[in-house]
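Working notes for the structure below.
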Amino acid sequence: MTKFSDFALSATLQNALKSEGYEDPTPIQAQAIPLALEGRDILGIAQTGTGKTAAFSLPSLHRLADKKLGTGRNQCRMLVLAPTRELAKQIADSMVNYGRGTGLYVTTAFGGVPINRQKRALAKGVDVLVATPGRLLDLYDQKSLDLSMVEILVLDEADQMLDLGFMQPLKRIVKLLPYKRQSLFFSATMPKSIAELSQQFLRDPQKVSVAPQATTAEKVEQRGMFVRSEDKPKILASLLRSEDPDRVLVFMRTKHGCDRLIKSLDHAGIDAVAIHGNKSQPQREKALNAFRKGGVSVLVATDIAARGIDVSGVSHVFNYELPNVPEQYVHRIGRTARADASGIAIALVGPEERQWLRDIERTIKMKLDIEPLPKGFDKPEIEELPPPQMGGQRQQRFKPRAAGGGKGAGQPRGERKAGGGKPHRGKSTGGAGGGGNRRSANRGSGGGGRPQG
Ligand code: AMP
């Protein structure tokens, strides 16, 4: 078995790994670290929770510290692009921890916080900049960022970047970077659009992979329930009581849905917090901290806000509203059953969502176990869907009453834009935000009690 000592990582980094309590490399680390140390470009297929942050951070920090170059005004030597504020912050915190003692500076740039602080942090030049694409381009356009000296580029969660509409910003960013650089590209799934994007970023990449495309986390017990949309809040409350979960993530498609659900859980006497793009950055951090530290055991989130977030000990994932992109289901349920734990994923499938369930089951190549409803709830009035037709036409037949939906009826396609659609800029959406503080990996940041999986 590969050991960290097998890699040509500096003693400083090896020591930092010991302080993190990492004993052996994870499979993605075992594959990626030696290649990245050689300076190769990497195309990595891995989900969060596999240890990919360290897989790209350790070799990069080693290479940056090994060839200590100064940085000019507004320059950075390594650029890490992430889709959301939370993920960018999490990556930066990890890099500060891993790079303790190297003397390298790590900073962040994302929306939702004043840009001037970030400009000041960048002014003297930094070693590592972890950023979301929207704020990065804002800084560039305001002449506060010079990308001409980037030696290493990391693109994390590429598939999520494209879901968020970041294709054009990414294409623009790549043109601002030097041709001669190392690029490390990570995605949980590899649909055609991502493979094409990767070709623009990478040169002769080495492929490393820890999970085949869209494999459902094997350790997750997956169940479903056919429910009336209007019953969802009460059914969730009932399941939260009967399942007695440790820590629960509830996924919604829309920000407004999150807020509505928090209210109805509150009525049912269940304490829950929400993170989504309409929340301010301090609110998002507060909610996430309460959830991480165990003060609140139910976190209601949109995909965007929850993406890439590493919280250990999530026992249940509820798909309160099914995602209309099947791969998203895989990401969602991957939030549980991390680090050798097992987990349960329960989908509450409204009549309007049955076709999506079918798409999901086709993607994960298995059927969910459909369970009976809790006592006191009626079955939805929906006929069985006809068998799928060739040509992919969507079919759904409702009996008249079910078609109107109820208060809680999901509004499948239309509202998707609320969380997806455009690239995120500023504070109104879930994309970017947070501190722009210049932090020294040398001094360390304490990492804020980041759980270890
Ligand atoms: P990531 O996929 O980068 O979000 O990492 C998931 C979790 O695994 C984080 O909590 C890391 O601290 C932890 N982790 C990463 N590498 C290792 C390792 N080699 N040994 C133990 N834990 C690790």
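Annotations
- Hits in the stretch 271-304 - residues which are away from the ligand (no atom under 16 Å from the Cβ) and of a type in the set (A, V, I, L, M): 272, 273, 274, 275, 287, 290, 296, 298, 299, 300, 301, 304
Conditions (1) surrounded by fewer than 19 Cβ atoms within 10 Å (Cβ to Cβ); (2) among the β-branched types (Val, Ile, Thr); (3) over 17 Å from residue 87 (Cβ atoms), marked per residue:
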| site | (1), (2), (3) |
| --- | --- |
| 251 | no, no, no |
| 258 | no, no, yes |
| 268 | yes, no, yes |
| 272 | no, no, yes |
| 281 | no, no, no |
| 296 | yes, yes, yes |
| 309 | no, yes, no |
| 349 | no, yes, yes |
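- Count of the stretch 32-41 residues which are in contact (Cβ under 8 Å) with a residue 40 or more places away in the chain, within 15 Å of the ligand (Cβ to nearest atom) and either surrounded by fewer than 24 Cβ atoms within 10 Å (Cβ to Cβ) or within 13 Å of residue 94 (Cβ to Cβ) (or both): 0
- Residue match in the stretch 58-70 (condition: surrounded by 23 or more Cβ atoms within 10 Å (Cβ to Cβ) and within 13 Å of the ligand (Cβ to nearest atom)): yes
Throughout, read-outs are computed from the coordinates displayed, never taken from laboratory work. Model, not experiment: these values are computed from the prediction. Cβ atoms come from the backbone with ideal geometry, glycine included; neighbour counts cover every protein chain shown.
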